[in-house]
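Undergrad: Below is one structure. I have some questions about it.
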Amino acid sequence: MRNWTKSKLDIQYAAWSPAGNTIAYVRGNNLFIWENGTSTQITKDGGPDVFNAIPDWVYEEEIFGDRYTLWFSPDGKKLAYLRFDETGVPTFQIPYYMAHGSVAPPYPEWLQLRYPKVGETNPTVSFHLLDLEDLAAGPSEVQFESFGKEDLIIGEVVWVTDDYSNVMFRAFNRVQDQEKLILVDANSKTTSVVRERDARPGWIDNNIAIHYIPGTDSYVDMSDESGWNHLYLYPVNSSTPTAITKGDWEVTSILNINSKTKKVYYQSTERDSTERHIYSVNLDGTNKQAIVDDTKPGYWTASFSAGNSFYILSYNGPSLPFQTLYSTNSSSTPLKTINDNSALATKLSAYKLPNVTWSTIEHPDGYNFNVMERLPPNFDPSKKYPVVFDIYGGPGSQQTAKTFRQVDFRAYLGSDPELEYVVLSVDNRGTGYKGRDFRIAVAGQLGTFPFFPPPFF
C-alpha cells in the first residue's frame, strides 16, 4: 500500500454517536473510540491487508459507495462494524505521474492496490459488535451461517430496534443471485435468518434501502420480487411483508419516512420510466398522494429536514432546473424559492442549442426501448446528418432520463455549425427502471443483445 507509514497517522473516518458523547474513528485501518477526552484503541490488526470499520476498494466502490462500515445503535451504547481481510487478493499497480506534487518527478509514484478481477480472490468480510459501555471487553465477531467465507458479501447493515437489542445485515453470494437477511441479537450474539431469496436467473440489486420504523418493530425495504421494484413493510422477525406500493412501475428511492405520521415519501417512475415524480403513502399502502404535478413530464427529487418539518423540492428537468422550500404541513405553496436559475436562463437565451426529444422504439422481440435525440438547432429533415450514438448500457443504468440536457459536450456536438451532429441515446436491455425482466435479460450474457436490428435506423 502506497505511503502506508504516513497513512497510519491520518484519521480515515470519524463519526459521533447518536448520544453525542462518543466518537468512533479509524486510523491506520484500526478502530478507536474517543470518550471524555480519552481515546481507546479497539483493534490492533489493521494494516495494508486488514481494514477495520472502513471499506477496502471493492466495498467502497461496488457495495456501499461510501467511506465507512461502522454503525452506532440508536441509543449509542453499541457499535457494529465490518472487518475486511484482503490476504490473497491480487495487486494492481497504478502510476501517479505527478506524485501529488506541483512538478512531475522523473519517475511516477506507484499505488499498490488490492484489486480482484473476475474470478480472482475477493476480500473476506466478518461482522463485529462492540459494547461501548465495556470497551475493555473488546469487540466480538458474530458467527453466522449464510454463504461460504470466500463467497460472502455483506451489502447492508442497519439497527432494527429502538435501543441496541437487534441489528440486521444483508448477505449475498458473490454472483448476487441469492440473499439472506440475518438478524443479530446484540446481547447474546445469536443470529437467525429472517428472510431469504433465490433470484435465479438474474441478480438482486443492493438497494441499501432498509429503514427501521421506531416504535413499530418493523422496517421498510425495497424488492423487485413482483417483477417491479416496490416498497414493503416487514416485521423485524418475519419474512411476511405488507405491500406499500404496487404496479407496473418502479420505486427508485425512499426519500423520507415519518414515523409519527406513518407516512413514506418516495420517488418513482409511475408516469414514465424516463421520469421521476414524488409521492407520499401511508405505511399500510393507503392514501397515496402526488407531491408534485404528475400529469406533466418531470424529474423531481426532495431532501427532508431531520425533524420532517420541511423539505427542499428539486426540479431537475427536462426544462431549466429550480429548487423551492416547502413545509410538510402544506405542500401547495412554497415557503421560498431557493434557486430559480434565472441567470442561467438569460445566458442560455443567447445560444442556439440542440432540440432534445424523447420517444420509444419497439423491438421485434416485444421490448420497447427509450430513445433520446439531440437534433441540431437548425435541423432540416430533408438533409443528412452525421450521427453519434451515446450509449452506456450497463446493468441498471439509464442514459435517457428526462433531466436538463442543454449544457454539456453533447450539446456542443449538435450546436456547433461546423459539426451539427445528431446525438442519439438508447437504453438497451439490461438497463434500469423498466422492470426486472428487462434488467435481467443480460444476466450471464452481457453484450449479447443489440438494442436494435439494422432496419430501425
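Readers should treat all values here as calculations from the given coordinates under stated rules, not as data from a laboratory. Note that this is a predicted model, so its numbers are computed, not measured. Cβ placement follows ideal geometry from the backbone for every residue including glycine, while neighbour counts extend to all protein chains displayed.
Undergrad: Would you mind checking which residues have amide H under 5 Å from Ser253's amide H? H placed 1.01 Å from N; only 5 or more apart, or other chain.
TA: Correct list: Gln267.
Undergrad: Any idea what the relative contact order of the chain is, in percent, if you count C-alpha pairs under 8 Å spaced at least 6 apart?
TA: 7
Undergrad: Between Leu348 and Asp163, what is the spin-label point distance in nm, taking each point 7 Å from the Cα along the Cα→C-beta axis?
TA: 5.5
Undergrad: Long-range amide H contacts for Asn308: which residues qualify at under 5 Å (H placed 1.01 Å from N, peptide plane, sequence gap of 5 or more or a different chain)?
TA: none
Undergrad: Over the chain, with a single point scatterer placed on each C-alpha, what log10 of the ratio I(q)/I(0) does the Debye formula yield at q = 0.08 1/Å?
TA: Log-scaled intensity ratios, in q order: -0.60.
Undergrad: Run the helix sum for the chain: -39,500 (n - 2.57) per DSSP H stretch of 4+ residues, divided by residue count, reported at 222 nm to the nearest 500 deg cm²/dmol.
TA: Helix contribution divided over all residues of the chain: -1000 deg cm²/dmol.
Undergrad: May I pose another question? For Lys296 and Tyr97 in one chain, what is 0.36 nm times their gap in residues minus the Cα-Cα distance, to one decimal in nm?
TA: Contour length minus Cα-Cα distance gives 66.6 nm.
Undergrad: Further question on the same structure: Mind listing the long-range amide H neighbours of Lys78? Cut-off is under 5 Å, sequence gap 5 or more, other chains count too, H placed in the peptide plane at 1.01 Å from N.
TA: Ser73, Leu132
Undergrad: Another question, if that's okay. I'd like the FRET efficiency for Tyr412 and Thr121, computed as 1/(1 + (r/R0)^6) with the beta carbon distance as r and R0 of 30 Å, rounded to 0.05.
TA: After rounding to 0.05, the efficiency reads 0.10.
Undergrad: Right, something else. Quick one: 3J(HN,Hα) in Hz for the range 174-185, Karplus 6.51/-1.76/1.60 with θ = phi - 60°, rounded, Gly and Pro as x.
TA: Couplings: 4, 7, 6, 10, 9, 9, 9, 9, 10, 9, 10, 7 Hz.
Undergrad: At a 10 angstrom cut-off on C-beta neighbours, averaged per residue, how do the peptides 413-424, 310-321 rank from highest to lowest?
TA: Those peptides, ordered most packed to least, come out 310-321, 413-424.
Undergrad: For the range 199-213, in order, what is each residue's ³J(HN,Hα) by Karplus, 6.51 cos²θ - 1.76 cosθ + 1.60 with θ = phi - 60°, in whole Hz (x at glycine and Pro)?
TA: Whole-Hz 3J(HN,Hα) from phi for the range 199-213: 9, 5, x, x, 9, 10, 5, 8, 6, 6, 10, 5, 10, 6, 9.
Undergrad: I'd like the Karplus ³J(HN,Hα) series for the range 60-66: coefficients 6.51, -1.76, 1.60, θ = phi - 60°, whole numbers in Hz, and an x wherever there's a Gly or Pro.
TA: So the J values, rounded to whole Hz, are 5, 7, 10, 10, 8, x, 8.
Undergrad: Sticking with the crude label model, points 7 Å out along Cα→Cβ, report the distance from Trp16 to Asn187 in nm, one decimal please.
TA: 3.0
Undergrad: Test of understanding: extend the Cα→C-beta vector of Thr360 to 7 Å, then name every residue of the range 421-447 with backbone N under 16 Å from that spot.
TA: 426-439
Undergrad: Return the distance in nm (one decimal) between the two label points of a simple spin-label model at Gln176 and Asp85, each offset 7 Å from Cα along Cα→Cβ.
TA: 2.5
Undergrad: Could you work out the equivalent-ellipsoid semi-axes for the range 355-456, taking the square root of 5 times each eigenvalue of the Cα gyration tensor, largest first, in whole Å?
TA: So the three semi-axes of the range 355-456 are 27, 15, 11 Å.
Undergrad: For a quick protection proxy, order the peptides 41-48, 132-139 by their average other-Cβ count within 10 Å, most packed first.
TA: My ranking of the peptides, most packed first, is 41-48, 132-139.
Undergrad: List, in the order given, every pair from Lys180/Lys260; Lys180/Lys262; Lys296/Lys402; Lys347/Lys383; Lys180/Lys246; Lys402/Lys434 whose Cα-Cα distance in the structure shown is over 20 Å.
TA: Working: Lys180/Lys260 30 Å; Lys180/Lys262 27 Å; Lys296/Lys402 12 Å; Lys347/Lys383 30 Å; Lys180/Lys246 23 Å; Lys402/Lys434 15 Å.
From Lys180/Lys260; Lys180/Lys262; Lys296/Lys402; Lys347/Lys383; Lys180/Lys246; Lys402/Lys434, over 20 Å: Lys180/Lys260; Lys180/Lys262; Lys347/Lys383; Lys180/Lys246.
Undergrad: How much length is gained if the chain between Asp340 and Ile208 is pulled fully straight, taking 0.36 nm per residue apart and subtracting their Cα-Cα distance, in nm to one decimal?
TA: Working it through step by step, the gained length comes to 44.3 nm.
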